[in-house]
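A short worksheet on the structure shown next.
The values are calculated or read from the model by the stated rules, or taken from the named source; none is laboratory data. On a predicted model such as this, the values are computed, not experimentally measured, just so you know. Glycine also receives a Cβ, built like all others from the backbone with ideal geometry; neighbour counts cover every protein chain displayed. What goes into the accessible areas is simple: the full protein's heavy atoms, side chains included, and nothing from ligands, DNA or RNA. Shrake-Rupley method; radii C 1.70, N 1.55, O 1.52, S 1.80 Å.
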Amino acid sequence: MSKSIKHLYADFKPEHYVLQLTPDRDTMKFTGTVTIHGKKTSRPSRRLTFHQKNLRVTKATVIRRQKKLSETIKVDRINNHAGCDEVRLHTEQDLYPGEYSVELEFSGKITPAMDGIYPCNFVHDKKEKKLIATQFESHHAREAFPCVDEPEAKATFDLILTTPKGEPVIANTPVHSQKHDSKTTTTTFETTPKMSTYLLAFVFGEMDFKETKTKTGTIVRAYATPDNTAHTGFALDVAVKCLEFYNDYFGLDYPLEKCDLVALPDFASGAMENWGCITFREQCMLVDPKNTSVGTKQFVAMVVAHELAHQWFGNLVTMRWWTDLWLNEGFASWIEYMAIDTIFPEWNIWTQFISDEQQPVFKSDALKNTHPVEVPIHHPDEIRSIFDAISYQKGSSVIHMLHEYLGAKPFREGLRYYLKKHQFSNTDTVDLWAAFEEVTKKPVRKFMQAWTSTPGFPIIHADVSGDSVGLKQSRFNLAGPDSTHDHQIWPIPLLSSEFDAQIFDTSSLQSKSTSTNKIKFNANQAGFYRTVYNNDHYATLARRLESGEFSAQDRLGLLSDIFESSKAGYVPLSNAFSLLDSYKNEQNAAVWDIIAGNLVEIRSVFGDNEIIRQKLKPTIARLVNSELKRLGWKPAKNEPYFDTLLRPTILGLAASADVPPVLSDISQRFEAMKLPTDIEPDLRSVIWGTSARNGDDKTFKKFIKLHNSESNSEVRTTLAMAICSFEQPHLIDPALSMITSKQVRLQDITYWVAYSFANRHAKEKTWKWFQANWKWLEKNIGSDLSF
């Protein structure tokens with residue numbers, strides 16, 4: 001049973017906070033005072049309640065304000081209720097509805113769990129140092145100060161920080177004033193816009209920055225620890241271009257004077273959209289030409305675009321309650337692609353949206369125990385249990401479908417109307433649908449509700465023969481056709497030139513067409529559904545594939561649909577391999593991701609059956625042969641971006657198929673390597689992963705030494721993959737034992753666990769380790785969404 005709570009905002013509505021904090025890095029504690037100005041709106045009572053967690057509130061004063069008069073009301077008891085994250089102030093007399101100021105004194109701890117106020121450890125000039133940073137989403141502001149820690153409780157904030165003298169200190173807004181004494185600096189920041197508590201943030205410690213401005217004058221800075229500041233330039237450039245893109249697209253200029261991006265050495269998630277003070281995991285912001293792969297560079301751009309989209313969609317307009325967080329994240333996960341497509345058109349990023357966002361979540365949503373996109377959240381603690389690929393990737397995928405359904409211009413006009421109408425306030429998902437309906441006059445709420453409130457997704461069975469087209473829809477089930485779900489009907493946009501803008505919203509449909517040979521549903525794979533065809537039409541599609549008629553999105557969609565449908569028993573697997581023959585001249589990296597993913601999954605089904613696994617290798621070798629010859633090991637001069645992305649995929653498949661020249665080259669390159677920078681960033685995962693799979697004790701020790709002496713986050717993560725990839729039982733245990741050592745940052749634990757589970761030779765040992773170390777995991781990363 002879920003923990004249902006009463007919202008404190010129903011009783012007290014904060015309007016303004018004056019928050020003073022003094023964090024002490026030596027004692028890992030902090031003290032503070034907060035004055036909360038607001039309105040009591042509930043019936044008369046003798047109690048005011050605020051959120052707090054692990055704080056000690058030592059003094060409280062309640063002041064009633066009526067016109068120009070004020071009255072101090074004595075607080076006779078302060079109760080800190082740890083079980084419900086509250087502090088309750090009991091007064092001697094009744095508190096009537098009206099305006100109040102509540103002054104509280106409190107203290108708390110700076111903890112290593114990467115939420116609330118926490119330390120970020122790094123080394124500079126051979127000395128161990130710490131930044132102090134914050135992470136308040138979803139409900140961790142209460143760990144830093146008493147407040148009404150709910151997204152609907154928007155207020156303005158005056159933040160005052162006392163920190164070590166001489167160290168940079170940043171927060172949501174620019175510095176208003178500073179006072180110095182012999183050891184400390186007290187910084188008062190300008191008043192924030194009206195915003196939710198989870199968006200408040202600050203960072204202080206030894207940092208440097210790079211700075212530039214947008215066309216409209218917004219100051220944009222990229223901060224990092226001293227050794228990493230040189231690697232912030234790419235993210236800074238992307239940030240400026242994204243801000244300018246969103247200013248234009250949303251029709252509302254970014255409302256703050258400045259926007260800071262901060263790379264933190266320790267960070268649980270990828271990044272956090274704190275208004276004007278966006279924090280990042282280093283790997284999600286820093287780009288070092290010697291150590292950053294092309295894929296990671298693209299990932300950095302996507303994360304920056306995602307967080308900046310939130311400055312409008314999430315910060316300016318905020319969900320009323322966490323139930324609608326899926327829309328914030330799903331929307332940002334979609335529009336980041338639009339921003340990056342504008343900035344880097346050569347990346348063909350929408351093809352990657354289909355392969356990286358839509359296709360992976362199909363796998364999760366095909367399970368019987370999936371959940372709808374929209375799930376009621378009764379308590380913020382529940383967020384970490386449901387905000388998974390369904391909420392983020394399916395959310396972005398159905399928004400992508402809505403964009404195609406409405407059209408680009410009506411979609412943007414509806415979005416602009418929504419943001420302008422609700423700026424600095426809170427909304428529910430239906431408010432966005434209402435805005436789209438107002439602008440487009442289409443039944444958006446009814447259309448979207450079917451996709452967000454229903455678990456799973458449909459599969460269309462298309463029988464195309466002669467001049468006849470027969471369609472049937474049912475829920476796609478990875479375990480195979482299940483009649484118990486056949487009654488579920490979705491409004492499916494057919495997205496086919498032969499059917500115009502027709503919506504298929506019945507269980508079956510019969511139609512006539514004079515050009516059935518041209519039929520291919522779900523153009524550019526924009527709809528969130530799968531399609532399978534009869535054998536004769538697959539033959540027609542195969543001929544069109546070989547003649548190069550289809551876009552990359554259509555090519556990967558056709559292949560993914562038939563392979564996933566064959567795994568579920570809707571069509572024979574032989575049909576999928578027959579269609580795969582039409583991809584022998586494929587050169588697109590995103591399409592190859594689908595090919596490679598299906599080959600890896602099929603091979604994994606056979607587990608430890610070495611006979612079958614060995615028989616698959618010649619097939620894989622033949623499939624990659626053409627691209628292996630074309631791409632080789634060295635990038636061509638001015639080669640297309642997709643070729644750079646594709647090379648490690650082709651080399652990785654060739655290595656898995658034991659292609660002798662590839663294995664020989666990998667061995668030579670690994671033996672010659674003294675430092676990680678001796679290997680090109682894009683090829684490290686292939687060379688290191690293959691070397692680990694074929695390696696011995698000496699190889700293992702080399703990887704451990706490299707990992708423990710490396711400071712670059714991306715390099716350490718790739719080395720972790722290699723360390724977890726050894727096949728020998730006596731090397732699996734020491735790899736697992738690394739996870740709880742000081743050599744692995746808390747933020748990287750999930751990588752190590754995932755890599756170990758991905759190693760078929762280590763799965764059983766990893767599961768036993770997981771069980772034995774559950775309490776340790778819960779203690780150290782229990783509040784992390786990835787946990």
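Which number in (1) of a type in the set (A, V, I, L, M); (2) modelled with pLDDT of 95 or more; (3) in contact with a Pro (Cβ under 9 Å, 6 or more places away or on another chain) marks the one condition that LEU746 misses?
LEU746 satisfies every listed condition except (2).
What are the pairs, 6+ residues apart or on separate chains, where a residue within the range 387-401 that is within 10 Å of PHE353 (Cα to Cα) and in a helix (DSSP H, G or I) has its Cβ under 6 Å from a residue that is modelled with pLDDT of 95 or more and of a type in the set (Phe, Trp, Tyr)?
SER396/TRP334; SER397/PHE528; HIS400/TRP334
For a quick check of your reading: which strands (runs of 3 or more DSSP E) sit entirely within the range 440-543 and have at least 2 residues that are surrounded by fewer than 17 Cβ atoms within 10 Å (Cβ to Cβ) and either among the charged types (D, E, K, R) or touching a residue at least 60 places away in the same chain (Cβ under 8 Å) (or both)?
Because the criterion is at least 2 residues that are surrounded by fewer than 17 Cβ atoms within 10 Å (Cβ to Cβ) and either among the charged types (D, E, K, R) or touching a residue at least 60 places away in the same chain (Cβ under 8 Å) (or both), the strands (runs of 3 or more DSSP E) in the range 440-543 that meet it are 458-465.
Can you tell me which of TYR118, TYR100 is out of contact with any Lys or Arg (no Cβ under 9 Å at 6 or more places or on another chain), assigned to a strand (DSSP E or B) and surrounded by 15 or more Cβ atoms within 10 Å (Cβ to Cβ)?
Matching residue, one of TYR118, TYR100: TYR118.
Which ranges mark the strands (runs of 3 or more DSSP E) fully within the range 40-94 that have 2 or more residues being basic (Lys, Arg) and open to solvent by 40 Å² or more (accessible area, probe 1.4 Å)?
So the answer is 45-51, 56-66.
Can you pull out the residues in the range 366-379 that are surrounded by fewer than 23 Cβ atoms within 10 Å (Cβ to Cβ) and touching a residue at least 60 places away in the same chain (Cβ under 8 Å)?
Once the filter is applied, which keeps residues that are surrounded by fewer than 23 Cβ atoms within 10 Å (Cβ to Cβ) and touching a residue at least 60 places away in the same chain (Cβ under 8 Å), the range 366-379 yields ALA366, LEU367, LYS368, THR370, HIS371, PRO372, GLU374, HIS378, HIS379.
Could you list, in sequence order, all residues of the range 714-726 that are in contact (Cβ under 8 Å) with a residue 60 or more places away in the chain and crowded, with 23+ Cβ neighbours inside 10 Å?
Within the range 714-726, GLU714, VAL715 meet the criteria.
Do you know which residues across the range 647-666 are open to solvent by 60 Å² or more (accessible area, probe 1.4 Å) and part of a helix (DSSP H, G or I)?
Across the range 647-666, the qualifying residues are PRO660, PRO661.
Output the number of residues of the range 303-324 satisfying the condition of being more than 13 Å from LEU432 (Cβ to Cβ) and not small (Gly, Ala, Ser).
So the answer is 12.
Please name all residue pairs, on different chains or six or more residues apart, with Cβ atoms under 8 Å, provided the first residue is in the range 58-82 and is in contact (Cβ under 8 Å) with a residue 40 or more places away in the chain and more than 12 Å from GLU99 (Cβ to Cβ) and the second residue is part of a strand (DSSP E or B) and hydroxyl-bearing (Ser, Thr, Tyr).
THR58/SER107; THR61/THR72
So which of LEU327, LEU243 ends up being out of contact with any Asp or Glu (no Cβ under 7 Å at 6 or more places or on another chain), more than 26 Å from LEU646 (Cα to Cα) and at pLDDT below 95?
Residue meeting the stated conditions: LEU327.
Do the conditions hold for ILE160, that is, is it part of a strand (DSSP E or B), buried (at least 17 other Cβ atoms within 10 Å of the Cβ), β-branched (Val, Ile, Thr) and touching a Cys at 6+ places or on another chain (Cβ under 9 Å)?
Judged against the criteria, ILE160 is not a match.
Any chance the range 27-39 includes a residue that's in contact with a Phe, Trp or Tyr (Cβ under 6 Å, 6 or more places away or on another chain) and surrounded by fewer than 19 Cβ atoms within 10 Å (Cβ to Cβ)?
no
Each row is one residue, and each column tells you yes or no for (1) open to solvent by 40 Å² or more (accessible area, probe 1.4 Å); (2) β-branched (Val, Ile, Thr); (3) closer than 20 Å to SER713 by Cα.
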residue: ALA133; (1), (2), (3): no, no, yes
residue: VAL175; (1), (2), (3): yes, yes, no
residue: MET195; (1), (2), (3): no, no, no
residue: TYR198; (1), (2), (3): no, no, no
residue: GLU206; (1), (2), (3): yes, no, yes
residue: THR212; (1), (2), (3): yes, yes, no
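Kindly establish whether PRO168 is under 30 Å from PHE30 (Cβ atoms) and surrounded by fewer than 21 Cβ atoms within 10 Å (Cβ to Cβ).
yes
Pick out the one residue from THR619, THR644 that is in a helix (DSSP H, G or I) and more than 35 Å from the chain's Cα centre (by Cα).
THR619
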